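The values are calculated or read from the model by the stated rules, or taken from the named source; none is laboratory data. Predicted model, so just to flag it, every value in this text is computed and none were measured. Quick reminder, even Gly has a Cβ in these numbers, built from the backbone with ideal geometry, and neighbours come from all protein chains shown. Heavy atoms of the whole protein, side chains included, go into the accessibility calculation; ligands, DNA and RNA do not. Shrake-Rupley method; radii C 1.70, N 1.55, O 1.52, S 1.80 Å.
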Amino acid sequence: MNVLSLRRALLVALLAAGVAQAQGYPAKTIRWIVPWPPGGGADVLSRMLSPQLSEALKQQIVIDNRGGAAGNIGAELAAKSPADGYTVVFAYSGTHAINPSIYRKMPFKESDFAPIIQLASVPQVLVVHPSLPVKTVKELVALAKKRPGELTYGSSGSGAFNHLTGALFSMKTGTQLTHVPYKGGGPAAVALLSGEITMILGEPATIVGFVKSGRVRALAVTGAKRAPALPELPTIAEAGVAGYEATSWNGMLAPAGTPADVIKRLNAEFNRIISAPDMKKRMLDSGYEPVGGPPKRLGELIRTEIAKWAPVVKAAGVQVD
């Protein structure tokens, strides 16, 4: 057998092995990495969807929370995991679209991942501690201008999406707000409840329950349109901050090189899960607007979002070593 024939035979064998693997997939437990601590929006949505995926695949799924560095630690772990379909990772706009412009040394690049699906778009909610004497965005801006640097806003970490939404709010309103980073949306919400910070621009899943119970006061949403979960709230632009709009997104990725048939299977199952009427309602009630579609939609979104947020990061002067 000459060298060319040997290469062809090897290629055929590798393709056959990949097909055989995909046909028998999944044959063991799947690890679902959440690059954030328990209690935040990423964790809430992951635990909402993972039981449905487990049932569809007839295999156990284990949630692995790996918080830190605005999602970089968990994402890096996923990027370096075997590309065999048994590791998937929750993708978040802050980690994959904003961090590349903020961190001087990124521990991964987007080519390290294979897109599976965009799960949802997620407008944030601007909420304040009840002790703050404001009930509208205009009143908040007026108070912030009277007390420059005194009002604090929490985030999921330096460079996280809700860090940038706060920086963008400061830029658009001409106010000085003090940023306080936490290790996830859950810890930031707890800090707001205790009065440790003044406000947050957080994911609805983390704070809607507190809003409805009256423990925090919601002023507006950050998206281009009102959120189904809180239809009574205006957008920040409607409330007087012209041109303000910031909507995060969530998706699922796998390590680059994961068999195409496995990606196709996961994409199909996720599309089915998030389009089911009961799940769609649960997601909308929690502030997640289901999206779905083919894997390439997520890949294109990430590229577009990186370009969108780079100038915002530069203008805000946000940099993390």
Would it be correct to say that residue 202 is open to solvent by less than 40 Å² (accessible area, probe 1.4 Å), within 23 Å of residue 316 (Cβ to Cβ), in contact (Cβ under 8 Å) with a residue 60 or more places away in the chain and within 19 Å of the chain's Cα centre (by Cα)? yes
Among the residues of the stretch 94-121, write down those that are in contact with an Asp or Glu (Cβ under 6 Å, 6 or more places away or on another chain) and open to solvent by less than 10 Å² (accessible area, probe 1.4 Å). 97, 120
From the list 149, 214, 166, 195, pick out the single residue that is at pLDDT below 95 and over 29 Å from residue 66 (Cβ atoms). 214
Can you tell me how many residues within the stretch 40-55 are touching a strand residue (DSSP E or B) at 6+ places or on another chain (Cβ under 7 Å) and among the charged types (D, E, K, R)? 2
Matching helices (runs of 4 or more DSSP H) fully within the stretch 41-133 where at least 1 residues are acidic (Asp, Glu) and on the phi > 0 side of the Ramachandran plot: none
Out of the residues in the stretch 265-275 that are in contact (Cβ under 8 Å) with a residue 40 or more places away in the chain and either closer than 21 Å to residue 205 by Cα or more than 19 Å from the chain's Cα centre (by Cα) (or both), which is surrounded by the fewest Cβ atoms within 10 Å (Cβ to Cβ)? 272
Looking at the stretch 282-296 only, could you name the residues that are surrounded by fewer than 16 Cβ atoms within 10 Å (Cβ to Cβ), charged (D, E, K, R) and in contact with a strand residue (DSSP E or B) (Cβ under 9 Å, 6 or more places away or on another chain)? 296
Return the total of residues in the stretch 158-198 being touching a His at 6+ places or on another chain (Cβ under 7 Å) and open to solvent by less than 10 Å² (accessible area, probe 1.4 Å). 2
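Yes/no matrix, rows are residues, columns are (1) at pLDDT 85 or above; (2) among the hydrophobic types (A, V, I, L, M, F, W, C); (3) over 27 Å from residue 321 (Cβ atoms); (4) touching a strand residue (DSSP E or B) at 6+ places or on another chain (Cβ under 7 Å):
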{"residue": "18", "(1), (2), (3), (4)": "no, no, yes, no"}
{"residue": "26", "(1), (2), (3), (4)": "yes, no, yes, no"}
{"residue": "32", "(1), (2), (3), (4)": "yes, yes, yes, yes"}
{"residue": "38", "(1), (2), (3), (4)": "yes, no, yes, yes"}
{"residue": "81", "(1), (2), (3), (4)": "yes, no, no, yes"}
Quick one: in the stretch 206-227, of everything that is small (Gly, Ala, Ser) and in contact with a strand residue (DSSP E or B) (Cβ under 8 Å, 6 or more places away or on another chain), which residue is most open to solvent (accessible area, probe 1.4 Å)? 224
